[in-house]
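Accompanying notes for the structure given below.
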Amino acid sequence: MTLAPTRGSKRRAIATPAVARRPLGFFLALPPIILILLFVGFPIVLAFAFSIGLTGGLNHVIASIGLNVHEAENWWGTPAAYIEVLSNSRILRDLSVTVGVTALSTVIVIFLALGIGLFLKLRDGRMARLLSGLAIIPLFIPVVIASWAIVTFYSGDGFVRSVFAQFGVEAPVWAFTMVAVVIGSVWTSLPFAVLMITSGLQAIPNAMIEAARDAGAGFLRIVVSILIPMAFVPILIAVTFTAIGVVGSFTVPYFTGPNAPNMLGVSMSNYFSAFNQPQQSVVMAFIVFVIASGIAAAYVWANFRSAKDQGKV
Amino acid sequence: MTMITKRARKSAARLSFSGPLSGLFFVLMVVFILGPLAWLGIRAFAESWTFPNLGPDGWTLRWWSVVLGDETLGRAVQNSLALAALTVLVSACICLPAAYAFARYEFWGRRTFLIGLFALNAFPKMGLYVTIASLFYALNLMGTVMGVLIVHVLGTVVFMTWIPAAAFAAVPRSLEEAARDAGATKLRVFISVTFPLALPGILVAAVMSFLASFDEAQGTYLIGAPDIMTMPTQMYTLVLNYPNQVAAVFSILLAIPSVALLLAAHKHIVGGTLAEGFQIK
């Protein structure tokens, strides 16, 4: 049985490719790969060398501009910069804040997106369609604006406090706290998760739900035993993209968060520009990269699994 | 008897999603998503604002003339539009042939390439820009249009490859073969059959790329500031140095292209073209 739903015809079209024109496909696919190798892969390798204190070659310029650079005495580098960053209690606090915000935002986003998706699937109607349309809107609002709008909405003289003040209630100020960062992250991540999850849920045949209902399954049973497992791959894709997006985010925490502790994206930028300590900044980038790679592995595994279920691997 | 229980269960399943609870959820979502935008938007026309009033003290269009008359802000608008258009163009030239290849050919390293494109997404954006910046220092690309353009194109590669690839893959082989049988050349088949059918996917990719470029702030700020300022990077300085209302006006200006594109491509994006592109096959 295939776990990943539908569109079999499309997949089959890729499953039987024209093997004869092998080299042409390879060369057509090359330009974006070269671009990425050149401007992502290569800088990452270079930056890794810099982070372990190899300051020769192309790293020479940045090493001479930057302050507090740990230089390696030998060819295999030194972990000094990593040790410095990982023993800095402020950065460690930033790290735990980053992980916490990422986990919390992802859970809320997936919960909301699942709610909207199930609403649309099981009930449909005008309200459900309006709701799913509404959830897409943040996709089209630049993150800078969204962050600024959220700060003004939840600030000391913002909407939330104004409304509560009408009833004489003193509401908390959420702007420039981690609460606002979570709100901002959820706000900006919601559209993608909703698109992924609704399209996954919509692809499940209604007959299946009807059959389960006839067999006596209740609402919760249908959701847990049929809808979520059948839409597992899209849900996992939504989870990974949301988590990766939040863990490396900069604009939202920069605008809506406190000065310290804040997420690593902000500290990274501070260390690079304001403190002029590029090596420490790069070390933080690699710490976030390790976290993101762990999340990304789940995504690759899920896609591999769905391909396997369809008998393609 | 069975009919009755069936119906009862069905309505029970529906009930969990109706009634005052879902109404409340709906209202909360409206406030959560639209509230901040409306609250900021009103400010663009507000004289001043006294807490805890729910409306401004008076209305004015003064802030619009402040923004529209400011030369640096005007240049930022121009920069943003030009960069976004250029980014889409460059990105399309680089990525669309690859998208076609991913959809139609099996070749050595295909799967590795697809996952490699994804790795681009996994590296934190700010970390990536920091590493790119250290390379750009060495290559003298800091503060240049070329440097900023590279950063913008990088941000669109995933959209421009994955979404059109899914769109090309969705074009039925049988249609192409039928055209071939009728005597059309390969090029002709591509122009008359494959491309038009994949066009919605390509358009969604173009829209997403345009928005990604228009929205890009972190990399542009790090690489381009202070020489090359776009609208989003200008926002960073705006919110610190100008009254709130100016930032509000600027926000509305910044949102206009996005909303226009939303209306144009809404059907395809909600219709699953975007979601379809994000599953590696």
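The values are calculated or read from the model by the stated rules, or taken from the named source; none is laboratory data. Note that this is a predicted model, so its numbers are computed, not measured. So basically every Cβ, Gly included, is an ideal-geometry build from the backbone, and we count neighbours across all protein chains shown.
The test for being touching a Phe, Trp or Tyr at 6+ places or on another chain (Cβ under 6 Å), more than 7 Å from every other protein chain (Cβ to nearest Cβ) and either surrounded by fewer than 24 Cβ atoms within 10 Å (Cβ to Cβ) or in contact (Cβ under 8 Å) with a residue 40 or more places away in the chain (or both) holds for B:Gly147. The residue that is surrounded by the most Cβ atoms within 10 Å (Cβ to Cβ), counting only those in region B:175-188 that are farther than 16 Å from B:Pro97 by Cβ and of a type outside the set (D, E, K, R), is B:Ala179. Where helices (runs of 4 or more DSSP H) sit wholly within region A:109-178, those with at least 3 residues that are closer than 30 Å to A:Leu227 by Cα and either in contact with a Phe, Trp or Tyr (Cβ under 6 Å, 6 or more places away or on another chain) or touching a residue at least 12 places away in the same chain (Cβ under 8 Å) (or both) occupy A:125-136.
Would you confirm whether or not region B:76-98 contains a residue that is facing chain A (nearest Cβ under 9 Å) and surrounded by fewer than 16 Cβ atoms within 10 Å (Cβ to Cβ)? Yes: one or more hits. Only one of the listed residues (B:Leu68, B:Leu114, B:Leu73) is more than 8 Å from every other protein chain (Cβ to nearest Cβ) and under 22 Å from A:Phe39 (Cα atoms). That residue is B:Leu114. Going through (1) in contact with a helix residue (DSSP H, G or I) (Cβ under 7 Å, 6 or more places away or on another chain); (2) surrounded by fewer than 24 Cβ atoms within 10 Å (Cβ to Cβ); (3) under 24 Å from B:Ile223 (Cα atoms) one by one, B:Arg110 falls short only on (3). Helices (runs of 4 or more DSSP H) fully within region A:188-280 that include at least 3 residues being surrounded by fewer than 23 Cβ atoms within 10 Å (Cβ to Cβ): A:206-214, A:219-222, A:232-247.
Residue by residue, here is whether (1) among the charged types (D, E, K, R); (2) at positive phi; (3) within 13 Å of chain B (Cβ to nearest Cβ); (4) buried (at least 17 other Cβ atoms within 10 Å of the Cβ) holds:
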{"site": "A:Phe42", "(1), (2), (3), (4)": "no, no, yes, no"}
{"site": "A:Phe48", "(1), (2), (3), (4)": "no, no, yes, yes"}
{"site": "A:Ser51", "(1), (2), (3), (4)": "no, no, yes, yes"}
{"site": "A:Val61", "(1), (2), (3), (4)": "no, no, yes, yes"}
{"site": "A:Thr78", "(1), (2), (3), (4)": "no, no, no, no"}
{"site": "A:Glu84", "(1), (2), (3), (4)": "yes, no, no, no"}
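Scanning region B:178-204 for residues that are under 22 Å from B:Ile269 (Cβ atoms) and of a type in the set (Phe, Trp, Tyr) gives a single hit, B:Phe195. Annotation: of all residues in region B:17-35 being at the interface with chain A (Cβ under 8 Å from one of its Cβ atoms) and within 22 Å of A:Val181 (Cα to Cα), the one that is modelled with the lowest pLDDT is B:Phe25.
Take the residues in region A:144-153 that are facing chain B (nearest Cβ under 8 Å) and out of contact with any Pro (no Cβ under 8 Å at 6 or more places or on another chain), then tell me which one is nearest to A:Ile183 (Cα to Cα). Can you show your working first?
Taking region A:144-153 as the starting set, the residues that turn out to be facing chain B (nearest Cβ under 8 Å) are A:144-146, A:148-150, A:152-153.
Subset that is out of contact with any Pro (no Cβ under 8 Å at 6 or more places or on another chain): A:145, A:148.
On the way: A:Ile145: 14, A:Trp148: 12 Å.
Ranking the qualifying residues of region A:144-153, first place goes to A:Trp148.
Is it true that B:Ala119 is buried (at least 17 other Cβ atoms within 10 Å of the Cβ) and either hydroxyl-bearing (Ser, Thr, Tyr) or at pLDDT below 85 (or both)? Against the criterion (buried (at least 17 other Cβ atoms within 10 Å of the Cβ) and either hydroxyl-bearing (Ser, Thr, Tyr) or at pLDDT below 85 (or both)), B:Ala119 qualifies.
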